[in-house]
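To start, the structure itself, in structure tokens.
Values quoted throughout were computed directly from the atomic coordinates according to the rules given, and no laboratory measurement underlies them. On a predicted model such as this, the values are computed, not experimentally measured, just so you know. Positions of Cβ are backbone-derived with ideal geometry, glycine not excepted, and every protein chain shown enters the neighbour counts.
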Amino acid sequence: MTIRPAPKASTCRAEALANLTQTFELSGIENPGREARLSISAALGVSQVALIAAPGEPLGSAAWRVQEFAERRAGREPLSRIVGSREFWGLTLAISPHVLDPRPETESIVDVALAIFANRRDEPLRILDLGVGSGALICALLAEFADARGVGVDISIEAAKIARANLEACGLSRRAEARVGDWTRDIEGPFDLIVSNPPYIPTADLPRLPPEVRDFDPWLALDGGLDGLAAFRRILPESMSLLTPRGWLLAELGARQAGDVTAIAKQCGFSNASTYKDLRGLDRVLAAQPQSQ
């Protein structure tokens, strides 16, 4: 979509904000005013506070960038993909078309891990991230568990490259590695914690996802098979032999999957399996343990 009128160097921030808000509203973007502020702030390289504090300031030489960001966002490309990075658990992570854009709800896994391992923060834990993607989970967990070491696995070569780059950028590469692999194949345990945000969208539902997800996230990271549970049927039984007796498996869940995934966990031999809710009150994380402690 071409933004009209196109912003010029002389266009002030307030005028650009009003034009973008209207354009985004016509594009069907939720909360168009907020998205317009975020887009202009990113294009100018200033905070939202600075943007609002100087509404009469001209766009100057950044006008072309405002136009580019606005057109791409109006085409429903997420701003995180436009700028090539995403904030996750206070970390700035690079993303690419080959990895899932980390969502805030995935931080629920980190919350649950911190609660479960509250008394083990100083132990040399071993952590495995299945489907590591951008490395969001393994980076966040290693940032919290200072003596832990980790392994991330992804079937995508390009995803593993992004994960390695983010581990390096976060200063965590000495404590972790990102491998290319098929879930747990060729992985040697034991691990104290296994985490995963697997693909869990039923195949038939993929075309109905919001454009920001459907058109820009890799389907490899979304497609959970006929009923959305294919990855869980691999991850849960294969994780049993890789966990220590006191170890835990934490996996992100899709909508209305808590009952089915908990049942799979119990069928696999997990004696302790329950779910935790995210900040919106939705069942989001499966927590499973081989033996009740």
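Under a Gaussian network description of the chain, with springs only between Cα atoms under 10 Å, the residue in T244, T92, T11 that fluctuates furthest is T11. Computed about the Cα centre, the dipole magnitude for the range 77-212 is approximately 200 debye when only Lys and Arg (+1) and Asp and Glu (-1) carry charge, each at its Cβ. Neighbours of G60 by Cβ distance under 12 Å: Lys/Arg scored +1, Asp/Glu scored -1, total +2. Toward the positive end of the charge dipole of the chain, with +1 on the Cβ of Lys and Arg and -1 on the Cβ of Asp and Glu, the farthest Cα among N31, A54, N272 is that of A54.
Could you work out which residue, out of L142, L26, L226, moves most in a Gaussian network model of the chain, that is, has the largest mean-square fluctuation with Cα springs under 10 Å? Its mean-square fluctuation being the largest, the pick is L26. Ordering I194, I187, I52, I40 by the number of other Cβ atoms within 10 Å of each residue's own Cβ, fewest first, gives I52, I187, I40, I194. The helix-only estimate of mean residue ellipticity at 222 nm for the chain, built from DSSP H runs of length n ≥ 4 each weighted as -39500 (n - 2.57), is -10500 deg cm²/dmol after division by the residue total.
Could you give the dipole magnitude of the chain about its Cα centre, charging the beta-carbon of Lys and Arg +1 and that of Asp and Glu -1, in debye to the nearest 20?
Values: 32 positive and 37 negative charges, 53 e Å.
Here the chain has a charge dipole of around 260 debye.
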